[in-house]
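Report on the structure given below.
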Ligand code: HEC
Ligand code: HEC
Ligand code: HEC
Ligand code: HEC
Ligand code: HEC
Ligand code: HEC
Ligand code: HEC
Ligand code: HEC
Ligand code: HEC
Ligand code: HEC
Ligand code: HEC
């Protein structure tokens, strides 16, 4: 009795187990089959064979995917369908959706969607930066890997594939048509590519990666309100000085006329400040905002020599400073009464209080600024006008008189000539 009970119990348990196993196999089988059907091995049974092609827009495109490309990438462990998520059975549709990245990289995808590239892509632009245009497709590597397309040494070329193409810029009305070429010639580009300085600025350091916007967009890292901080990430000391200068304070206060780093240095053509060409350009650059000061400076000895292309004499920044420019009325300004002698002494070693009375912006048209110069200039003008006027009048009168005299003389001569002729005729008779 006891034994049969046990036997019966065991049989029941076995039967239950059997049905349970059978029903779960039936229930799960589609999933198991599908997982096998869309496994990497299954995909590679076709796509791992060289020569698989398809014709797209009249051109044949290779659909051969070498397995080692993917296995060496950051995504070596992923199934193909992790990205090609719209494939659920084999054979699959012949036109597939673009691969998706957002299920795993939500932050990057959200940032990209907001950016100038992402919004243009959503509008249907085909030639715009996408995840795979910047990162690659099956060969995506960690950003820190020196072979990655977004590694600092490689990134300028990656962005430059599009931002070195004037045609693309024209199609999209991008104001800077050849950022790549300009950048490569700049101090930053040379420092990166020639000296291999990873700490030099490249596209990413100034523009960011996923949140890139036009410079006119306040969210952009190169919008004028953010430029000083963007450059200041590396040029920490310069930023500190600039922030307390009159330009820095005015810019911070929102004065749209105040210069920020890129106004004076440009964005992509930044040169070493020791270069003569830059030393002369910056004078013109100050003059784009301070036109009056440039005009008066050009009239002075310093200005005339600089205009000839020499950099030895004083330029604006030699007297006013560069990042530390203060209001003229500020007692700490480099041209304030207490400091100006020292400023001139940088070059004129014997400068003293009377030497600095010389006005570097002398303007003979402004009486209030320098009455002596004003009246001297006035006097010289009147003197010149008087001298020219007097001698001009004199010359005119003189010319008139000599004309009259010559006329009279001619008249007299021709009169005597005709009387001589008459006399001669009369003599013949
Ligand atoms: C039986 C062979 C076969 C298998 C298995 C296969 N493919 Fe394909 N695949 C093709 C062929 C053929 C094409 C070209 C389709 C066409 O031109 O109509 C193609 C095209 C593609 C394309 C390009 C689609 C497009 O829009 O241009 C992608 C992506 C792709 N396959 C991914 C996969 C993935 C991922 C797997 C595994 C889940 C897979 N394939 C399994 C044969 C196969
Ligand atoms: C990390 C995501 C990712 C994985 C994993 C992935 N792919 Fe792709 N695949 C892409 C991207 C991105 C493209 C390019 C799409 C484009 O250019 O429109 C692509 C394109 C393709 C194409 C079309 C080629 C062409 O020129 O359009 C095929 C075929 C393909 N993949 C097959 C595979 C196969 C097979 C696997 C697995 C061995 C796989 N992919 C794994 C992201 C991935
Ligand atoms: C305009 C070029 C560009 C585009 C478009 C782009 N990326 Fe990036 N991405 C970069 C650069 C540059 C870095 C390196 C960032 C760094 O080192 O700070 C990067 C870094 C990453 C990283 C690693 C660091 C991180 O932020 O987590 C991931 C993941 C990534 N990108 C995914 C994506 C995805 C997904 C997309 C599409 C939605 C995308 N990227 C689009 C340029 C781009
Ligand atoms: C199924 C999830 C998944 C999908 C889909 C996916 N990735 Fe990844 N991705 C990962 C994982 C996991 C890593 C490696 C983890 C890590 O190192 O952060 C990675 C790493 C990366 C990296 C390197 C990050 C770094 O450390 O610098 C980039 C770039 C990247 N993925 C871009 C993409 C792009 C572009 C796509 C779409 C074509 C994509 N991923 C699709 C999961 C995914
Ligand atoms: C595949 C081509 C491509 C790549 C790669 C690319 N871009 Fe772009 N970029 C574009 C296009 C196209 C636009 C214009 C989008 C539009 O119409 O609004 C654009 C717009 C921009 C703008 C805004 C210009 C404006 O005023 O509209 C900036 C800044 C920019 N890209 C910087 C970068 C940087 C930095 C990189 C590299 C990290 C990069 N791009 C990579 C194609 C590309
Ligand atoms: C040192 C910082 C810096 C570096 C490096 C840099 N840029 Fe710029 N970029 C700027 C600034 C600042 C602007 C704002 C416009 C200006 O002043 O010309 C700008 C403007 C642009 C624009 C036009 C955007 C607009 O709306 O006006 C594009 C496109 C661009 N950069 C692409 C690039 C590319 C591509 C690279 C890398 C090859 C790069 N930049 C490297 C600072 C930089
Ligand atoms: C009003 C014009 C102007 C602005 C704005 C400006 N700079 Fe300069 N910068 C100059 C001049 C002029 C020099 C050359 C100084 C010299 O010859 O002593 C210079 C020099 C430099 C140097 C070389 C080091 C040195 O001091 O000689 C760096 C780096 C620099 N600037 C970065 C920046 C950064 C970063 C910003 C923004 C925070 C900026 N500049 C804003 C005019 C300017
Ligand atoms: C990622 C860091 C980084 C950023 C961001 C950066 N720079 Fe630089 N910059 C450098 C490095 C490094 C050098 C030195 C290169 C060398 O000496 O070969 C340099 C050199 C310079 C010089 C030449 C200095 C000299 O001694 O003649 C100027 C001017 C300059 N940067 C201005 C700027 C401006 C303006 C910006 C912003 C629009 C900026 N930089 C953004 C790293 C950066
Ligand atoms: C030899 C030194 C020197 C040079 C070079 C020089 N300045 Fe001045 N600047 C001064 C002095 C000193 C003053 C103060 C004059 C005063 O008291 O009114 C001044 C005044 C100014 C002012 C205040 C407005 C005004 O006129 O009173 C501006 C703006 C200015 N300079 C800009 C410039 C610019 C721009 C340049 C180059 C084109 C330049 N300076 C070249 C010494 C110089
Ligand atoms: C983008 C325009 C711009 C550029 C470029 C510029 N400045 Fe200025 N500057 C201003 C503004 C705005 C102010 C503050 C308002 C004012 O006093 O005119 C100012 C103020 C000054 C002052 C103080 C004037 C005063 O009356 O106290 C001096 C000096 C000066 N700048 C010199 C320079 C020099 C030197 C350069 C070139 C290295 C230069 N600026 C480049 C816009 C500019
Ligand atoms: C960057 C150097 C430099 C600075 C700063 C400078 N100068 Fe000059 N200056 C020169 C040079 C070089 C000459 C050419 C004549 C010479 O060698 O003495 C010159 C010539 C002159 C001349 C006419 C020629 C003469 O010697 O009689 C006057 C006046 C003059 N400077 C006044 C000033 C005053 C005032 C200041 C200060 C506000 C000043 N300079 C700051 C370099 C400078």
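So here's what we get for this one:
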item	result
Full-stretch length increase - residue 185, residue 69 - with 0.36 nm per residue and alpha-carbon distance subtracted	38.3 nm
Point-to-point label distance, residue 125-residue 347, nm (Cα→Cβ direction, 7 Å offset)	4.7 nm
Average Cα contact separation per residue, the chain, under 8 Å, 6 or more apart, as relative contact order %	7 percent
Theoretical FRET efficiency, 1/(1+(r/R0)^6), r = Cβ-Cβ of residue 399 and residue 328, R0 51 Å, to 0.05	0.40
Residue-span extension gain [residue 311 to residue 382] - 0.36 nm each, minus C-alpha spacing	22.0 nm
Ranked packing of 208-215, 315-322, most packed first, by mean Cβ within 10 Å	315-322, 208-215
180, 297 arranged by Cβ crowding within 10 Å, fewest neighbours leading	180, 297
Theoretical ellipticity at 222 nm over the chain - DSSP helices of four or more residues, -39500 (n - 2.57) apiece, nearest 500	-16000 deg cm²/dmol
Shape call, the range 337-379: gyration tensor on alpha carbons, a/c limit 1.5	prolate
Ranked list, fewest to most other Cβ atoms within 10 Å of each Cβ, for 308, 294, 197	308, 197, 294
The range 337-379: relative contact order as a whole-number percent, Cα under 8 Å and 6+ apart	22 percent
By average C-beta atoms within 10 angstrom, highest first, the peptides 232-238, 132-138	132-138, 232-238
√(5λ) per eigenvalue of the Cα gyration tensor, the chain, largest first, Å	86, 34, 17
Likely footprinting exposure, 63, 204, fewest C-beta neighbours within 10 Å first	63, 204
Full-extension gain in nm, residue 46 to residue 171, via 0.36 nm per residue minus C-alpha separation	41.1 nm
Label zone at residue 105, where the point sits 7 Å out along the Cα-to-Cβ direction: the range 59-74 residues whose backbone N lies under 17 Å	70-74
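Values quoted throughout were computed directly from the atomic coordinates according to the rules given, and no laboratory measurement underlies them. Note that the structure is a prediction, hence the values are computed from the model and not measured. Ideal geometry is used to build each Cβ from the backbone, glycine not excepted, and the neighbour counts take in all protein chains shown.
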